[in-house]
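I have placed the structure first, in the form of structure tokens, so that the comments after it can refer back to it.
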Amino acid sequence: MSNASTVGVFDRGHRLTTAGLLMLVTFIAFESMAVATAMPTVVRELDGLAWYAWPFTAFLVAQVVGMVLGGDVSDRRGARVALLWGVGFFALGLVASGAAADMTLFIAGRAVQGLGGGLIAVSLYVVAGQAYAPELRPQLFGAFSAAWVFPALFGPLIAGAITTHTSWRWVFLGILPLVAVGLVLVLPSIARLAVPDGTARPAVSRRWWAVLAGVGIGALQYAGQRLDLVALAVAVVGVVALAAGLRPLLPRGTITARRGLPTVVASRGLLAGSFFGIDTLLPLTLTEVHGFSATAAGIPLTTGAIGWSLASTLSARRPDVSRVRLLQIGFVLLAIGLAGTAFAALPSTGGWTAYVSWAVAGLGMGLGMPSVGVLLLDQSPEHRRGADSASLQISDVVGSALCVGFGGVLVAAAATGVLSLTTALLVAIAVFSGLALLGSLVAGRAAAPSAERVRATTLATS
């Protein structure tokens, strides 16, 4: 290998692969950011206001299934096949959503997108593990995080302009050729990656557990939309289904933060859940409590994206620094940023504090998220890299879904007069800040255990 000064993720041997992967990440991120902007127009034109939340829920549920399927396919047939399937399903979902004549077809299209998105998310990690040396992975995951910045900054604005001046359908259909370009760039290099020997058995049972976990997420999302006895019964069913489905999908010891890979996977869920739980509530806070315009209320999200990108870039330039230490620092900064949003929830303040606090939270995510990805690849044996990458992504989705759902329950309680909106927001901030602090306490256990423990953990999770 050439010296470190000439080797990087954009050197001659990696530049096309890196460019293709980043394009796929960027355009999938753009679609994720843009769909929320287009959704009010979608439900109005398709007469589906009562089904407003279900396109999001369908995407999340199918994404969990896609992640498990992606890990299985990657381990048995290679990352190339998983990525092709993922892009194919994602593209098919874009067409179905963009051409939908009614809300049922639109929701179905979103589910197909979620299936493809789950396949792509896992295959990206597997490609990173195979195509990039360990010393390059911090740079790559820093670039992945940075690839979300442009969509976060301009996605809603572009989607709003497209929806206003053309049609919401082009928010979906317009991404198709761009996703194709990303696939064309990355295909030549991933075709050269090692292909599994085919001896791995298909994990059919894991797919059904993923479906059960997805049903649990959907049930909890539905229960969060209503405040009655039916909601309580649905929530109980959702918790049971989610717990039963997740048990075989996550490394043993994830819930108790067992040292090594289980803590890495648990940390991803804590990061995503605590951050996105408040991220979805912050614009509501500023518009309802302080009367901000939609544009002004979105500025903190932009500062958070900038902080995330800055921290990711800085961590990528220091591969010599312990990723465990960066993860710990990331959790602390995230907890500080989350707690700081409490000032924005108080009517007596001007709300401007959110511009600063969310930038701090973004710094925490920019240190934590790439570190988790590096730690996963360092500790995951090659024959389980697909399954372990799927576990990481599932932890992310489940953590986000549960925390966003919990925030939605509090807001619904405020809407019915059970709580004031300020009280609901402060409760959410306290809970999610506590989750970030918990993450800072357990993050030290993300370091790889001793050789004896590694073998025991591998046997326990295989």
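Figures for the structure shown
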item: Using distinct alpha-carbon pairs, which all enter the 1/r mean, Kirkwood radius of the chain in Å; result: 22.2 Å
item: Carbon and sulfur %, accessible surface of segment 315-462 computed with the full protein complex present, 1.4 Å; result: 68 percent
item: Rounded accessible area per residue of segment 317-447, 1.4 Å, Å²; result: 36 Å²
item: Segment 173-183 - phi-based ³J(HN,Hα) in whole Hz, Karplus 6.51/-1.76/1.60, Gly and Pro as x; result: 5, x, 7, 3, x, 6, 5, 4, 4, x, 5
item: Sulfur and carbon atoms: percent of accessible area, segment 92-179 [1.4 Å]; result: 75 percent
item: Amide H within-cut-off set for Phe292, under 5 Å, with H built and near neighbours excluded; result: Thr287
item: Solvent-accessible area per residue, Å², over segment 86-185 with all protein chains present [probe radius 1.4 Å]; result: 35 Å²
item: Rounded percent of accessible protein surface that carbon and sulfur make up, segment 221-283, 1.4 Å probe; result: 68 percent
item: Value of relative contact order over the chain, rounded to a whole percent, pairs C-alpha under 8 Å and six or more apart; result: 21 percent
item: Rounded Å value of the spacing that divides the Cα centres of segment 322-357 and segment 244-318; result: 11 Å
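The values are calculated or read from the model by the stated rules, or taken from the named source; none is laboratory data. Quantities reported herein were computed from a predicted structural model and do not represent experimental measurements. Just the protein is used for accessible areas: all its heavy atoms, side chains included, with ligands, DNA and RNA removed. Shrake-Rupley method; radii C 1.70, N 1.55, O 1.52, S 1.80 Å.
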